[in-house]
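The values are calculated or read from the model by the stated rules, or taken from the named source; none is laboratory data. What you see is a predicted model; the values in this text were computed from it and never measured. Cβ sites come from the backbone with ideal geometry, for glycine too, and all protein chains shown count toward neighbours.
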Amino acid sequence: MKYVEGAFHLSTEPTASSQPSASPEPKRRADAVRNRALALDAAMALLAEPGATLTVETIAKRAGLGAGTVVRAFGGKDALLDAAVSVLLEPVVRRAGELLAASEPYSALRAFLPELIAFQAAHHAVGDRLGGLDLPATTALRAELVATTTAMIEGARRDGAVRTDLDLATTIMLITETAPAVARAAPGAPGLADAYLTVLMDGLRPRAVG
């Protein structure tokens, strides 16, 4: 209430002491989202740099954050790298599924392998320096990718587009064990990936009878 000319006047304006203080919680949430995104971007950038050190400290430095802030955002290095690799890998897995759903298995395989090798060439650390870490989301995506690639090979064998005198396990290993090696060498050897795929796919074609 205000006192106006000798009378009490009811006012709807709250006094300074009665105004609720602005909650810092929305700002804290916004900062946490921003810090998480910065850390993810930094981790993904480092994953694309061969030889980069993948520690909380190096990721935090690249992100312009403190190491403690990065840990609070994710709970630790394993969880951060799992999130970063998942962001990178999920479109690759989705693309494999889309190709298999939209085309014949052999055509899907032939279209997908160059894209997979290009991804592996750009992200050496995804396959080379994550051993021993607890990466459940990444592990699940990799399993899905293997299953989709296997379905491409199995379908191509059933269709007569891929030779069956080699057993399925051998055919899968020919692709999964050699493609990453070619991907690692590809940045310094232009044309290597195309040559590898030509030889591989020609070699997987059924041999002419007689």
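Observations
- Boolean, L133 is within 20 Å of D78 (Cα to Cα), of a type in the set (A, V, I, L, M), assigned by TED's automatic domain parsing to the domain that holds L81 and not in a helix (DSSP H, G or I): yes
- Among the residues listed as A143, A83, the single one being touching a residue at least 40 places away in the same chain (Cβ under 8 Å) and within 30 Å of A73 (Cα to Cα): A83
- Residue in segment 58-73 that is assigned to a loop (DSSP other than H, G, I, E, B) and at pLDDT below 90 present: no
- Residue count for segment 129-186, restricted to those that are in contact with a helix residue (DSSP H, G or I) (Cβ under 8 Å, 6 or more places away or on another chain), hydroxyl-bearing (S, T, Y) and farther than 16 Å from A111 by Cα: 4.
- Within the option set A79, A108, being surrounded by 17 or more Cβ atoms within 10 Å (Cβ to Cβ), assigned to a helix (DSSP H, G or I) and modelled with pLDDT of 95 or more holds for one residue only, A108.
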